[in-house]
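Notes for the one structure printed next.
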Amino acid sequence: MVSLPKTIEEIKEAISTKSNIVILSSGLWCSSCRVVGPIFEKTSNVFDDIQFIKLDVDEIKESTNFLGLTSLPTFIYFKDGKEVARKSGAMGELAIKKTLHENFSI
């Protein structure tokens, strides 16, 4: 299941939980984001032990600076509160799963 935070505090709190987290940073105006959004949601249903977060950079404007975003979509992987991987651009289901396996030892 994908969480949809509404504030930067919710994102910071999620990262601080020290669990495995993947954040998809997107925007409604981004066509690639609209393509990967459903793939991200589908993948979230397969991995119960990973927290999936999808954020809209236009809703949470301070997320761009906080996460150091330079392009969309961007997938950021956190393990134990630390960023372990970052991938920019549209990714298919297999690429997302591969990055999850590589970084979360699942």
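A short reminder: the numbers here are calculations on the coordinates, not readings from a lab. What you see is a predicted model, and the numbers here were worked out from it, not measured in a lab. Here the Cβ is made from the backbone with ideal geometry for all residues, glycine too, and neighbour counts use every protein chain on show.
Tabulated data for the structure shown
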item	result
Scan of segment 36-64 for residues that are aliphatic (A, V, I, L, M) and surrounded by fewer than 14 Cβ atoms within 10 Å (Cβ to Cβ), ordered by number	V46
Matching option when the condition is in contact (Cβ under 8 Å) with a residue 24 or more places away in the chain and over 15 Å from A90 (Cβ atoms), among T70, T17	T17
Breaking point among (1) touching a residue at least 60 places away in the same chain (Cβ under 8 Å); (2) over 19 Å from L4 (Cα atoms), for E102	(1)
Among the candidates L4, L28, L24, residue that is surrounded by 15 or more Cβ atoms within 10 Å (Cβ to Cβ) and either touching a strand residue (DSSP E or B) at 6+ places or on another chain (Cβ under 7 Å) or within 26 Å of S105 (Cα to Cα) (or both)	L24
Failed item in (1) of a type in the set (D, E); (2) closer than 17 Å to K12 by Cβ; (3) assigned to a loop (DSSP other than H, G, I, E, B); (4) without any contact (Cβ under 8 Å) to a residue 40 or more places away in the chain, with E83 passing the rest	(3)
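So that you can scan it fast, the table gives a plain yes or no per residue for (1) in contact (Cβ under 8 Å) with a residue 24 or more places away in the chain; (2) of a type in the set (V, I, T); (3) over 15 Å from G81 (Cβ atoms); (4) part of a loop (DSSP other than H, G, I, E, B):
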| position | (1), (2), (3), (4) |
| --- | --- |
| K6 | yes, no, yes, yes |
| E9 | no, no, yes, no |
| K12 | yes, no, no, no |
| I23 | yes, yes, no, no |
| L28 | yes, no, yes, yes |
| F40 | yes, no, yes, no |
| V46 | yes, yes, yes, yes |
| I53 | yes, yes, no, no |
| N65 | no, no, yes, no |
